[in-house]
1. Based on alpha-carbon centroids, what's the gap between the stretch B:158-174 and the stretch B:23-49 in Å, whole number please?
2. What does the buried accessible surface come to for B and A, summed over both chains, with the probe at 1.4 Å? Round to 100 Å².
3. Which residues, if any, in the stretch A:69-108 lose at least 20 square angstrom of accessible heavy-atom surface (probe 1.4 Å) when the other protein chains sit next to their chain rather than the chain being alone?
4. Counting pairs of Cα atoms in the stretch A:58-181, how many percent are more than 26 Å apart?
5. Projected onto the charge dipole of the protein assembly as shown (+1 at Lys/Arg Cβ, -1 at Asp/Glu Cβ, origin at the Cα centre), which of B:Ala137, A:Phe93, B:Gln6 gives the Cα projection farthest towards the positive end?
6. What are the residues whose amide H is under 5 Å from the amide H of B:Gly133, where those residues sit 5 or more places off or on another chain and H is modelled from the backbone?
7. For the protein assembly as shown, what does the accessible surface come to per residue with a 1.4 Å probe? Please give it in Å².
8. Could you pull the Rg and Dmax for the stretch B:1-48, using just the Cα atoms, both in Å?
Protein chains: 2
Amino acid sequence: MPAHPQTSTAAVVAAGRRLLEERGVDALTMREVADAVGVRAPSLYKRVRSRSDLFRLVLEDVADELTSVLDAAAMTGDPVADLGAMAAAYRRFAHANPVTYTLMMAPQAIPGATARSVRSSATFLNTVARLAGPMHALPAARTIVAWAHGFITMELAGAFRLGGDVENAWDFGLNRILAAIRRPAD
Amino acid sequence: MPAHPQTSTAAVVAAGRRLLEERGVDALTMREVADAVGVRAPSLYKRVRSRSDLFRLVLEDVADELTSVLDAAAMTGDPVADLGAMAAAYRRFAHANPVTYTLMMAPQAIPGATARSVRSSATFLNTVARLAGPMHALPAARTIVAWAHGFITMELAGAFRLGGDVENAWDFGLNRILAAIRRPAD
DNA sequence: ACCTGAACACCGTTCAAGT
DNA sequence: ACCTGAACACCGTTCAAGT
């Protein structure tokens, strides 16, 4: 007489993600997640291999959503405008998901959950190629992503302690970097 | 009849830092640290308030060392050369301390241990001011640090998966950003 | 097939008792 | 003053037993 499933992997991952974002890493316990989806902790092992595996699934979910947010942000066809829009969308996403965004990008934060990938948006790479030329597309893309990720991480960490206008620093950095990356003779 | 101290806060912090860097976050348990300094776990609470407090002390220690590494790297007096040397020293330090560097910069990684500060090197700010002019010194410094930190984090996370030459991407980013930040009329 | 309570080996932390 | 063993409330995970 088979017992019917009371939950699903998707529900477990969603509950884990919400718990993580709203109450922090320590609140993501197997017993709390089980509570949220209406089963007992041991039943979760029918859906995920371990707590680390659950972390990995949650962060993969976040990475997938970020990728589609980026792809949807490029609309005008002008590389500078599109890269600005993608950077803004990237930052908005991180601000809306500060805990999971940070964990997604910090490799050693959760041991065993390191296999997640920050998917490169093909749209992003193509847009950079149009600005920087195909020869420099890869290092140029890495420069933009490194800057945006670094800026956002430090912002979320409260590392900008010397006052000044953080919005202004974002615009300054974005404009200077896009200008610096542009192919010399166009 | 007072019992003599068997250890010190400095020894506890040093043991914690080594454990963290060599065996990861999960290995930093109170019992392991106690073992390393030759006492029992409850005695550690004479030196640190809690495990979170120990994390905070370890990461402050890392931040202090990073600051002095940066200060020591500027030698020539030429702003471009000095900023290049500081960036290289920053990256070397992160490569030598990958786990603790990442944790130091990732706010939510260890709940309760967020009070640590990434000290700004005064030397660094002054050098940037000489390159970018005093008006843009702060946003320019934030641009450089954001890029360097972002680049290194992604590198340590193994996020550069599309092949290509990572050293070349570092040089490309550094040169372009320093050029972009330079005061227009000099 | 999935769910469950009981159990195990851990963990951070507290505290009374020792010197 | 500091150190210790014992204890407490947790945790992830396993597993035999239930349906």
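The values are calculated or read from the model by the stated rules, or taken from the named source; none is laboratory data. Just so it is clear, the model here is predicted, and its values are computed rather than measured. Positions of Cβ are backbone-derived with ideal geometry, glycine not excepted, and every protein chain shown enters the neighbour counts. When the accessible area is computed, the model is the full protein with side chains, heavy atoms only, and any ligands, DNA or RNA have been set aside. Shrake-Rupley method; radii C 1.70, N 1.55, O 1.52, S 1.80 Å.
1. 39 Å
2. On the way: alone 10620 and 10630 Å², together 17370 Å².
Counting protein atoms only, the buried area is about 3900 Å².
3. Those residues are A:Val99, A:Thr102, A:Met105, A:Ala106, A:Pro107, A:Gln108.
4. Values: 1578 of 7626 pairs.
Roughly 21 percent, once rounded to a whole number.
5. B:Gln6
6. B:Arg183
7. Values: 17370 Å² over 372 residues.
Solvent-accessible surface per residue comes out at 47 Å².
8. Values for the stretch B:1-48 (Cα only, Rg and Dmax): 10.8, 39 Å.
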